[in-house]
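Enquirer: One structure is given below, represented as structure tokens, and several questions about it will come after.
The values are calculated or read from the model by the stated rules, or taken from the named source; none is laboratory data. Keep in mind the model is a prediction, meaning the values are calculated, not measured. For neighbour counting, all protein chains shown are included, and Cβ atoms are generated from backbone atoms with ideal geometry for every residue, glycine included.
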Amino acid sequence: MRLLAIYAALLAVVAASAHKMTKREIGEYQLEAAKRWQTSGSQSRSVKRSGVQNITFTNPKASEFYVDGTSLPLVDFDVGPSWAGLLPISNSPNETRQLYFWLFPPGPEGSLDDLIFWTNGGPGCSSLEGLLQENGVNQQSWTNLSSVLWVEQPVGTGFSQGIPDAQNEDDVATQVVGFLQQFLEVFSELKGKKLYLTGESTNEDIANYIYENPTQLDLSLQGIWISDPSISWDVVQEEIPAVDFVNKYAGLFSFNQTYMDYLNEKAATCNYTGYMDQYVTYPPTGCDVWDDIFYNALIINPAFDIYRIWDTYPILWDVLGFPGSFPQTQSPIYFNRIDVKEAIHAPVETQWSECSNINVFPNGDSSLPPAFTVLPNVIEKNQRTVIVHGLADFILIADGTRIAIQKIPQFAPVAAFQIMQYLMGFRDTP
């Protein structure tokens, strides 16, 4: 396939991504693409990358990998400077295994402090596929903001050299880190940069290797990005959801009814039918008892406060109008007094309330629960983490917090046990 057509297709896709194209616009792009195929590769369309950050590599060996962005065959525009070639996966003089790479510097608005590593999946699929057909240099590319390094790995992939010998993902991670060590010796100006591991199928093993061997690589790993990850058994990621997937897209598969009946019967025999509904349901199957309790509590105690369950009449006046289960009618609220606003340089025209009357997440809060995401990592990296809980709170109940703490994965679980003991009154401090 001609590189010209691939790069042109990338630009067309990017341009289209800014808005939903009409049928007329789609037709125009198709006609333009057809014309490009008929155009000689020697003709220049004067299309060029908008520019790059000024980056210089002092190691003379780096110049050996320089790629002139104006001279790529069948590409009629300047893709900008880049560096590409083979580097060994170790410093052994007898090393024959080498990985192929292609490095692009950031655009003029980008940062020289970051390095994005991209690899395609497979395993064994070339990362040049990613470069040319997925996320390479274009108007919306990551290269606008960061240096990006596409690497063909493991050994045996694409242009990479040597006899494949990896036995597992740990071996692959060792190859990649060994390659990066040699890469940084040539492109030493990238040492100490913030590293982001990105790619398809898998890269978490590379990340884990870096974290477990922090002295081996002079880069600061900041995070990973995985597309269509392969993170479980094939039966989980392929077999179980397969028939549901076919049913969902039956119009595209176009199987006849006889075969569809066969598939559904086979799925039932394999105990796959209903698996997703039963085990992959959010929120999990349950019933609403909280509202039932709340409404009936108000019948018995009209002053029932979800934040402090032992409140009864008379309701105490709150200078800030604390939002309990009942409407606050006292006036004026302290921070709505004009003299108070003027004294603290607050906007006089703003009506203050302790809890906002508008939705601070207009489209909803898409965050995942911290106990499943950021909290475990925070606990591990902190010198100390303390969790306290009010025992009279019905909106967030202490036992619920205990359950959440118990489910948090811990490398040093003594912290969770101490907190639980503190919450249950078995120790004076957490």
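Enquirer: Inside region 275-318, can you point out the residues that are of a type in the set (A, V, I, L, M), farther than 30 Å from PHE245 by Cα and at pLDDT below 70?
Expert: Initially, region 275-318 is screened for residues of a type in the set (A, V, I, L, M), giving 276, 280, 289, 293, 297-300, 303, 306, 309, 315-316.
Then keep just the ones that are farther than 30 Å from PHE245 by Cα; that gives 289, 293, 297-300, 303, 306, 309, 315-316.
Correct list: VAL289 only.
Enquirer: Select from region 179-228 the residues that are over 14 Å from PHE117 (Cα atoms), part of a helix (DSSP H, G or I) and in contact (Cβ under 8 Å) with a residue 40 or more places away in the chain and list them in ascending order.
Expert: Across region 179-228, the qualifying residues are GLN182, GLU185, VAL186, SER188, GLU189.
Enquirer: Something else now. Can you pull out the residues in region 84-108 that are in contact with a helix residue (DSSP H, G or I) (Cβ under 9 Å, 6 or more places away or on another chain) and β-branched (Val, Ile, Thr)?
Expert: ILE89
Enquirer: Anything in region 47-64 that is surrounded by 17 or more Cβ atoms within 10 Å (Cβ to Cβ) and out of contact with any helix residue (DSSP H, G or I) (no Cβ under 7 Å at 6 or more places or on another chain)? List them, or say none.
Expert: If the condition is that a residue be surrounded by 17 or more Cβ atoms within 10 Å (Cβ to Cβ) and out of contact with any helix residue (DSSP H, G or I) (no Cβ under 7 Å at 6 or more places or on another chain), then ARG49, VAL52 are the ones that fit.
Enquirer: Same structure, new question: Please go through region 85-112 and give me each residue that is under 17 Å from PHE179 (Cβ atoms) and among the small types (Gly, Ala, Ser), ordered by number.
Expert: Step one: list which residues in region 85-112 are under 17 Å from PHE179 (Cβ atoms), which gives 85-103.
GLY85, SER90, SER92, listed by residue number.
Enquirer: Return the pair list, or none, for Cβ contacts closer than 6 Å from residues in region 160-176 that are closer than 12 Å to ARG97 by Cα to residues that are of a type in the set (S, T, N, Q) and crowded, with 17+ Cβ neighbours inside 10 Å, at least 6 apart or on different chains.
Expert: Every condition considered, the pairs that remain are GLN161/GLN98; VAL176/GLN153.
Enquirer: Considering only region 229-251, state which residues are part of a loop (DSSP other than H, G, I, E, B), of a type in the set (A, V, I, L, M, F, W, C) and touching a helix residue (DSSP H, G or I) at 6+ places or on another chain (Cβ under 8 Å).
Expert: Taking region 229-251 and keeping what is part of a loop (DSSP other than H, G, I, E, B), we get 229-233, 249.
Now drop any that are not of a type in the set (A, V, I, L, M, F, W, C), which leaves 231, 233.
ILE231, the sole residue that qualifies.
Enquirer: Name the single residue, out of those in region 65-78 being of a type in the set (A, V, I, L, M, F, W, C) and closer than 17 Å to PHE101 by Cα, that is surrounded by the most Cβ atoms within 10 Å (Cβ to Cβ).
Expert: Initial filter on region 65-78 (of a type in the set (A, V, I, L, M, F, W, C)): 65, 67, 72, 74-75, 77.
Subsequent filtering for residues that are closer than 17 Å to PHE101 by Cα retains 65, 67, 72.
Details: PHE65: 19, VAL67: 17, LEU72: 16.
So, considering only residues that are of a type in the set (A, V, I, L, M, F, W, C) and closer than 17 Å to PHE101 by Cα, the one surrounded by the most Cβ atoms within 10 Å (Cβ to Cβ) is PHE65.
Enquirer: Are there any pairs, at least 6 apart or on different chains, whose C-beta atoms fall under 8 Å, with the first in region 229-245 and surrounded by fewer than 13 Cβ atoms within 10 Å (Cβ to Cβ) and the second among the polar types (S, T, N, Q), and if so, which?
Expert: Pairs that qualify, where the first residue is surrounded by fewer than 13 Cβ atoms within 10 Å (Cβ to Cβ) and the partner is among the polar types (S, T, N, Q), are ILE231/THR202; ILE231/GLN237.
Enquirer: Follow-up. For residues that are assigned to a helix (DSSP H, G or I) and under 34 Å from the mean Cα position of the chain (by Cα), scanning just region 252-272, find the one that is nearest to ILE240 (Cα to Cα).
Expert: ALA267
Enquirer: Quick check: anything in region 47-67 within 31 Å of the chain's Cα centre (by Cα), assigned to a loop (DSSP other than H, G, I, E, B) and without any contact (Cβ under 8 Å) to a residue 24 or more places away in the chain?
Expert: Yes; the residues of region 47-67 include at least one that is within 31 Å of the chain's Cα centre (by Cα), assigned to a loop (DSSP other than H, G, I, E, B) and without any contact (Cβ under 8 Å) to a residue 24 or more places away in the chain.
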